[in-house]
Amino acid sequence: MTAATDVVVVGGGVIGMTAAFTLQQRGARVTVLSADDPADTVSTVAAAVWYPTHTDEDPRVLRWAHQTYTQLRRQAAGGVPGVVDRPTRMLLRAPYAGPPWWAQACADLVAEPAHPPYTALLRFTAPTVEMSPYLAWLRQRLEAGGGRLLRRQVRRLTDAFDIAPTVVNATGLAAGRLAADPAMHPVRGHLVLVANPGLTVSIRDEDDPAGITYVHPRRHDVVLGGTYQPGVAHTAPDPDTATAIRSRCVALVPELADAPVLGERIGLRPARHGGPRVEVDPSSRPGRRLVHAYGHGGAGVTLSWGCATEVADLAVGD
Ligand SMILES: Cc1cc2nc3c(=O)[nH]c(=O)nc-3n(C[C@H](O)[C@H](O)[C@H](O)COP(=O)(O)OP(=O)(O)OC[C@H]3O[C@@H](n4cnc5c(N)ncnc54)[C@H](O)[C@@H]3O)c2cc1C
């Protein structure tokens, strides 16, 4: 394995897999190590709708969001498994003070007046992703190009230097321990999946005082959300929360009233105070480079391709 690998990506979630694919496109021979099956990562739980939720206004984040938006819309047009464009309506409750800071990242955002309790309605197109087929597609593309994904847990990031001189740390929440980063923290998220009664439009009411509320139709189901619980680190089911999510969503979209419940998804967003860490570790020296790519919180899919470009620049650029 040593001779065949230029870069080891530790982490097989959306951040690791998009970085691995991008590195391979730049000519690197890539091995991905993942402690978990990709189907068991936080990335698979994601509602996976493009939207830079709970991110701070930051030119880096805007750039990543825009690059990812462009790439996902291209993928939707090109028929990549699981990727579709969704017309989106976002209901605002705070006094409207102009387009949000991230508006430039998407192509077609317009604001309209809205009825109380809302103050404005934003309309835009948001690419959305079904993560299971999408991660499988990324893996298949990686392997078709000569890369590989191995189920393997590293004890320390430096162990991966046994395989290649360049290591990308895309370990999500585990980066808190592996990179000794106290800014990392979990943010629990809870989703309810119901059968799709024919919806095609995504609707968000992020500022609902009863809890963050969103309805995201997919091909065969609808993702109802949600919760955003900083510091809550367990993924045990919570029937009361599921009931509350469902009733908030039915109030927003009455057509959901009779939609059978198909399941629930609970995951821990890998959040980081100060925003995602995408940089070369200061301990790196010539011939041994560690690039961090973690801490994307509730926006990992939204930022994935932009971050992957930056990771590749840091990992194989000069
Ligand atoms: C309920 C919910 C809804 C969400 N909705 C959205 C959304 O609509 N839009 C959006 O953009 N984002 C959304 N997110 C956020 C998104 O899921 C995350 O930002 C993203 O999945 C983070 O990806 P990641 O690759 O960093 O981490 P992960 O998916 O957690 O992957 C980490 C990888 O590192 C591996 N790993 C960890 N430790 C080791 C080790 N020691 N050795 C080897 N491998 C290791 C794991 O096995 C895994 O492969 C949502 C999240 C949740 C929970």
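Each reported figure results from applying straightforward, stated rules to the coordinates on display, with no laboratory input. From a predicted model like this one, the values you see are computed outputs, not experimental measurements. A quick note on method: Cβ atoms are made from the backbone with ideal geometry, for glycine too, and the neighbour counts reach across all protein chains shown.
Summary table below
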| item | result |
| --- | --- |
| Flag for LEU23 being touching a strand residue (DSSP E or B) at 6+ places or on another chain (Cβ under 6 Å), surrounded by 18 or more Cβ atoms within 10 Å (Cβ to Cβ), within 30 Å of THR235 (Cα to Cα) and touching a residue at least 12 places away in the same chain (Cβ under 8 Å) | no |
| Residue match in region 164-171 (condition: farther than 17 Å from THR5 by Cα, within 11 Å of the ligand (Cβ to nearest atom) and in a helix (DSSP H, G or I)) | no |
| Residue ID - nearest to the ligand (Cβ to nearest atom), chosen from residues in region 292-318 that are in a loop (DSSP other than H, G, I, E, B) and touching a residue at least 40 places away in the same chain (Cβ under 8 Å) | HIS296 |
| Every residue from region 125-162 that is within 16 Å of GLY16 (Cβ to Cβ) and crowded, with 19+ Cβ neighbours inside 10 Å | VAL129, MET131, TYR134, LEU135, LEU138, ARG139, LEU142, GLY147, LEU149, VAL154, LEU157, ALA160 |
| Index of the failed condition, ALA180 passing every other in (1) in a strand (DSSP E or B); (2) more than 30 Å from THR200 (Cβ to Cβ); (3) small (Gly, Ala, Ser) | (1) |
| Within region 70-103, considering residues that are touching a Ser or Thr at 6+ places or on another chain (Cβ under 8 Å) and not in a strand (DSSP E or B), the one surrounded by the fewest Cβ atoms within 10 Å (Cβ to Cβ) | PRO95 |
| Region 30-50, residues that are buried (at least 17 other Cβ atoms within 10 Å of the Cβ), part of a loop (DSSP other than H, G, I, E, B) and more than 6 Å from the ligand (Cβ to nearest atom) | TRP50 |
| Matching entry among ILE212, ILE245 (being in contact with a Phe, Trp or Tyr (Cβ under 6 Å, 6 or more places away or on another chain) and over 21 Å from TRP64 (Cβ atoms)) | ILE212 |
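Here's the yes/no breakdown for (1) within 17 Å of GLY172 (Cα to Cα); (2) among the basic types (Lys, Arg):
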| residue | (1), (2) |
| --- | --- |
| ALA47 | yes, no |
| ASP58 | no, no |
| ARG63 | no, yes |
| HIS66 | no, no |
